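First the structure, in the form of structure tokens, and then the observations on it.
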Amino acid sequence: MSEAISLDLPYISELEAAARAAGSVFHVPLHHLRSKRRAYAIARQVAYWCAYERTPASLPCIARYFNKCDHTTVLHGIRKAKARRESDPEFRALADKVVEIYDGGE
């Protein structure tokens, strides 16, 4: 694993793949997605959503990967990403691109 991520988490490679896919689409480095900076919240929320939809990782596991204290932060982000995906066609295209990259489409 690059960027010195050394966590003892199940599904770490899948979570990193989801984060990297979101980072690729939104042009955000992995370390920013795992930071607390609000400027990257939308990309981070899509990464949460992708990880939740495509991996068997639990919400607490996703939260630990993204350096969040509580799984409810991740749940809130997933809900925000889902709601925006339903109401904004451009955002839906970006979120779908993240899933496509995660699934190996690029």
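The values are calculated or read from the model by the stated rules, or taken from the named source; none is laboratory data. From a predicted model like this one, the values you see are computed outputs, not experimental measurements. With ideal geometry, Cβ positions are generated from the backbone for all residues, glycine too; neighbour counts draw on all protein chains shown.
Just to verify a result, which residue in the stretch 89-106, among those that are in a loop (DSSP other than H, G, I, E, B) and acidic (Asp, Glu), is modelled with the lowest pLDDT? Step by step, filter the stretch 89-106, then rank; the result is 106.
Residues in the stretch 51-77 that are assigned to a helix (DSSP H, G or I), crowded, with 19+ Cβ neighbours inside 10 Å and touching a residue at least 12 places away in the same chain (Cβ under 8 Å): 8 in all. I want to confirm something. Restricting to the stretch 83-97 and keeping residues that are small (Gly, Ala, Ser) and farther than 18 Å from residue 54 by Cβ, which single residue is surrounded by the most Cβ atoms within 10 Å (Cβ to Cβ)? Once the filter is applied, the top-ranked residue is 83. Scoring residue 40 on the criteria (1) without any contact (Cβ under 8 Å) to a residue 40 or more places away in the chain; (2) part of a loop (DSSP other than H, G, I, E, B); (3) not aliphatic (A, V, I, L, M) leaves a single failure, condition (2). Among the residues of the stretch 17-48, those identified as among the charged types (D, E, K, R) and either at pLDDT 95 or above or touching a Gly at 6+ places or on another chain (Cβ under 9 Å) (or both) are 20, 44.
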